[in-house]
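A.B. asks: Before we start, here is the structure in question, set down as structure tokens.
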Amino acid sequence: MSYLIAANWKMNKTVGETLEYLDIFLPSIKDLKSVEIMIAPPFTALSSASIKIDAYKRENEVNIKLGAQNMYYVEKGAFTGEISPIMLNELNVDYVIIGHSERRHIFGERDDLINKKMISAVESGLRPILCIGETIEEREQGKTLSVVERQLRNGLSGIEKDLPFIDIAYEPVWAIGTGVNATPEQAQEVHLFVRSLINELSKGNDSKTRILYGGSVNDKNARDLIKEKNVDGFLVGSASLDPEKFYKIITETLEV
């Protein structure tokens, strides 16, 4: 199972900026075969990014996939502003991020809605990355593992058998965009707990499920974090907006 290094651009980059980024980034990763790379641009740039990446992959061997930052769980209907899984399929999207803390805490997404999205993603042939993580208040109250367990059990309800087609991203809310990342030991503690839990839920069929760390990952801390046994890659936010910094994070991972 190769590491997955995923970029979540959030609400950043126009179509033009996305294409400029890919012009720089794609040639740089041409020889990186032992790691899987995913980029999730904003919805407006998905089509152009898809065309650009597919064209490059036809001429070069490069292990890069396209991801979406969110989706709704029905195929079509009166849901203003939403994007369906069949729309993502048409754009050759492979991954979709679901349950990111910003979706939970800014947009009020609850576990039941996240579970519906997870089910829909799996049924539509998309590989979801389920995001979980505690707030600083929950960590200070000693609730980290109980929060993570609740989010995992609820998010995976009904699709436990599909865990080989799902990845998990542990993103402590207090570390996202703050510049303060979890220590390698803190990350390993939660990742080990997540591994044991998904092993239980999948009845031992979890070997293809990667557990990513997210939360102020950068080219300075990536190497120490990836050394931990149960850290299988990263979901990178702001540091992925610079193609050179994102490339450095990937190579730091490969050098361990």
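A.B. asks: Among the residues of region 73-83, count how many are farther than 15 Å from residue 42 by Cα and either in contact with a Phe, Trp or Tyr (Cβ under 6 Å, 6 or more places away or on another chain) or of a type in the set (Val, Ile, Thr) (or both).
C.D. replies: 3
A.B. asks: Select from region 107-123 the residues that are farther than 22 Å from residue 7 by Cα, surrounded by fewer than 20 Cβ atoms within 10 Å (Cβ to Cβ) and not β-branched (Val, Ile, Thr) and list them in ascending order.
C.D. replies: Matches in region 107-123: 108, 110, 111, 112, 113, 116, 123.
A.B. asks: Say we look at region 229-256 and pick out the residues that are modelled with pLDDT of 95 or more and within 16 Å of residue 190 (Cβ to Cβ); which of these is surrounded by the fewest Cβ atoms within 10 Å (Cβ to Cβ)?
C.D. replies: 230
Residues are listed down the side, and each one gets a yes or a no for (1) over 23 Å from residue 165 (Cα atoms); (2) of a type outside the set (A, V, I, L, M):
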residue: 12; (1), (2): yes, yes
residue: 18; (1), (2): yes, yes
residue: 25; (1), (2): yes, yes
residue: 50; (1), (2): no, yes
residue: 53; (1), (2): no, no
residue: 56; (1), (2): yes, yes
residue: 65; (1), (2): no, yes
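A.B. asks: Kindly check whether there is at least one residue in region 143-150 that is of a type in the set (Ser, Thr, Tyr), crowded, with 17+ Cβ neighbours inside 10 Å and more than 30 Å from residue 74 (Cα to Cα).
C.D. replies: The answer is yes, given that some residue of region 143-150 is of a type in the set (Ser, Thr, Tyr), crowded, with 17+ Cβ neighbours inside 10 Å and more than 30 Å from residue 74 (Cα to Cα).
A.B. asks: Okay, next question. Which residue out of 236, 231, 180, 148 is more than 30 Å from residue 18 (Cα to Cα) and β-branched (Val, Ile, Thr)?
C.D. replies: Step by step, each of 236, 231, 180, 148 is checked, and only 148 is more than 30 Å from residue 18 (Cα to Cα) and β-branched (Val, Ile, Thr).
A.B. asks: Same structure, new question: For region 53-88, name all the residues that are of a type in the set (D, E, K, R), touching a strand residue (DSSP E or B) at 6+ places or on another chain (Cβ under 9 Å) and at pLDDT 95 or above.
C.D. replies: 54, 65 - these are the residues of region 53-88 that are of a type in the set (D, E, K, R), touching a strand residue (DSSP E or B) at 6+ places or on another chain (Cβ under 9 Å) and at pLDDT 95 or above.
A.B. asks: Give all pairs with beta carbons closer than 9 Å in which a residue from region 23-44 that is on the phi < 0 side of the Ramachandran plot and surrounded by fewer than 18 Cβ atoms within 10 Å (Cβ to Cβ) meets a residue that is of a type in the set (Lys, Arg) and assigned to a helix (DSSP H, G or I); count only pairs at least 6 apart in sequence or on separate chains.
C.D. replies: 23/52
The values are calculated or read from the model by the stated rules, or taken from the named source; none is laboratory data. Bear in mind that the values here come from a model prediction, so they are computed numbers and not experimental data. Glycine gets a Cβ as well: all are built from the backbone with ideal geometry, and neighbour counts include every protein chain shown.
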